[in-house]
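Participant: This is the structure I want to talk about, given as structure tokens.
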Amino acid sequence: METKFLVDQIKKKRSFLSIGLDTDIDKIPKHLLDTEDPIFRFNQQIIDETHDLAISYKINTAFYEVYGWKGWQSMQKTFDYIKTNYPEQFLIADAKRGDIGNTSLKYAAAFFDDLQADAITVAPYMGEDSVSPFLSYQNKHVILLALTSNSGAADLQLLKVDDKPLYEQVINKSLQWTNSQNLMYVIGATQPEHFKRIRALAPHHFFLVPGIGAQGGDLDAVCRNGMNDDIGLIINSSRGIIYASAGNDFAKAARESAKAIQAKMALYLSTC
């Protein structure tokens, strides 16, 4: 999916919301456990109720891979369902891959060719040759882990290298790579004091921003410091939306939670 199409969807829906399908079988409503594929059935109902409020779905692959081939099948069905019924959605595989070149090439094929994801999260620690196989795909995007929302981010990402934090070095270096226009960056909403500096480093790139909702990220601070002329933000909320209710009304509750976030986003967009 081209970035322009993503920008058009943001303007059309008045939203830059991504919904994270971190689907945990221990948390979904009990009545779904009697269905053939509870994880997919849960996802399907969440998607049907929220697709007009979101521009993206982020599928955290760990919640599917844990169940082996059955979990992968649920994930495949979820990707296929969105692609078939809501092709305007920007589909993110939150897989956090990154390995030597020939291995990354196989990862890229699995998520871009097989699952037809539009983007994948990638760890940059092994350098350019571990990321370039993903960047070789046209109209696909690599979302590089830069400054994440977890507390342990400070262990490495904020370490000073030549008087600059390591995450800044990662961004600067990656912008020199071939097809760097296809890069996006993970920037945690729990790091609002860094957003203005990061936007200056990468003025034209999209940021995937987790940490709104359950992790306590500040949407207002992120928007004030992170927006660019094309909005440039994909704000993800997972638990706060998909687990808004554990009852039979779970999908309707998810819609209300997503709608509340989308309404705030529409206000920010009205000032752009």
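Participant: Note down the relative contact order for the chain as a percent, whole number, built from C-alpha pairs under 8 angstrom at least six residues apart.
Facilitator: 21 percent
Participant: Quick one: net charge of residue 238's neighbours, Cβ under 14 Å, K/R +1, D/E -1?
Facilitator: In short, 0.
Participant: Follow-up question, since we're still on this one. Please figure out what share of the DSSP beta bridges in the chain is antiparallel and state it in percent, rounded to the nearest 5.
Facilitator: In the chain, approximately 10 percent of DSSP beta bridges are antiparallel ones.
Participant: Find the all-direction average of the projected area of the Cα convex hull for the stretch 44-135, expressing the result in square nanometres with one decimal place.
Facilitator: Averaged projected hull area, Cα only: 6.1 nm².
Participant: Residue by residue through the stretch 180-189, what is 3J(HN,Hα) from phi via Karplus (6.51 cos²θ - 1.76 cosθ + 1.60, θ = phi - 60°)? Round to whole Hz and write x for glycine and proline.
Facilitator: In residue order, the calculated couplings are 5, 5, 8, 7, 10, 9, 7, 10, x, 5 Hz.
Participant: Note down the net charge around residue 73, summing +1 for each Lys or Arg and -1 for each Asp or Glu among other residues with Cβ under 14 Å from its Cβ.
Facilitator: -2
Participant: Picking from 235, 92, 28, which is most flexible by a Gaussian network model of the chain using Cα springs under 10 Å?
Facilitator: Top of the fluctuation ranking is 28.
Participant: Moving on to the next point. When N is the residue count of the chain, what does its C-alpha Rg come to as a fraction of 2.2 N^0.38 Å?
Facilitator: 0.96
Participant: Now a separate question. Could you work out the local net charge near residue 225, counting Lys and Arg as +1, Asp and Glu as -1, over the other residues with Cβ closer than 15 Å to its Cβ?
Facilitator: 0
Participant: While we're here: Name the long-range amide H neighbours of residue 143: under 5 Å, sequence gap of 5 or more, or other chain; modelled H, no Pro or chain starts.
Facilitator: For residue 143, whose amide H was placed from the backbone, the distant partners under 5 Å are 120, 121, 122, 184.
Participant: List the aspartates and glutamates whose Cα sits under 15 Å from the Cα of residue 173, skipping any in the same chain fewer than 8 residues away.
Facilitator: Answer for residue 173, where 15 Å is the Cα cut-off: 128, 129, 162, listed by chain and number.
Participant: Can you list the residues of the stretch 111-135 with backbone N under 14 Å from a point 7 Å past the Cα of residue 96, pointing along Cα to Cβ?
Facilitator: Answer for this model: 121-125.
Participant: If you don't mind, another one. Report, in whole Å, the centroid distance computed from the Cα atoms of the stretch 181-214 and the stretch 111-170.
Facilitator: Measuring centre to centre over Cα atoms gives 12 Å.
Participant: Do you know the relative contact order of the stretch 36-118, to the nearest whole percent, from alpha carbon pairs under 8 angstrom that are 6+ apart?
Facilitator: The value is 33 percent.
Participant: In Å, what is the Rg of the alpha-carbon atoms in the stretch 99-199, and how long is Dmax?
Facilitator: Answer for the stretch 99-199, Rg first and Dmax second: 13.8, 42 Å.
Participant: Here is a further query. Could you check the spin-label model distance between residue 4 and residue 62? Points 7 Å from the Cα along Cα→Cβ, value in nm.
Facilitator: 3.8 nm
Participant: Among the complete DSSP H segments of the chain, which ones combine at least 20 Å of alpha-carbon extent along their axis with a mean Kyte-Doolittle hydropathy of 0.0 or more?
Facilitator: Counting only whole DSSP H runs, the qualifying helices are 250-270.
Participant: Note down the accessible area of residue 114, probe 1.4 Å, to the nearest 10 Å².
Facilitator: Estimated to the nearest 10 Å², residue 114 gives 80 Å².
Participant: Right, next: Probe 1.4 Å, all protein chains in place: accessible area of residue 230 in Å², nearest 10?
Facilitator: Roll a 1.4 Å probe over it and residue 230 shows about 80 Å².
Participant: Calculate the FRET efficiency for residue 230 and residue 33 from the Cβ-Cβ distance with a Förster distance of 45 Å, rounded to the nearest 0.05.
Facilitator: With a Förster radius of 45 Å, E is 0.60.
The values are calculated or read from the model by the stated rules, or taken from the named source; none is laboratory data. The shown structure was predicted, so the numbers you read here are calculated from the model rather than taken from an experiment. Here the Cβ is made from the backbone with ideal geometry for all residues, glycine too, and neighbour counts use every protein chain on show. Accessible surface is based on the protein model in full, side chains and every heavy atom, while ligands, DNA and RNA are left aside. Shrake-Rupley method; radii C 1.70, N 1.55, O 1.52, S 1.80 Å.
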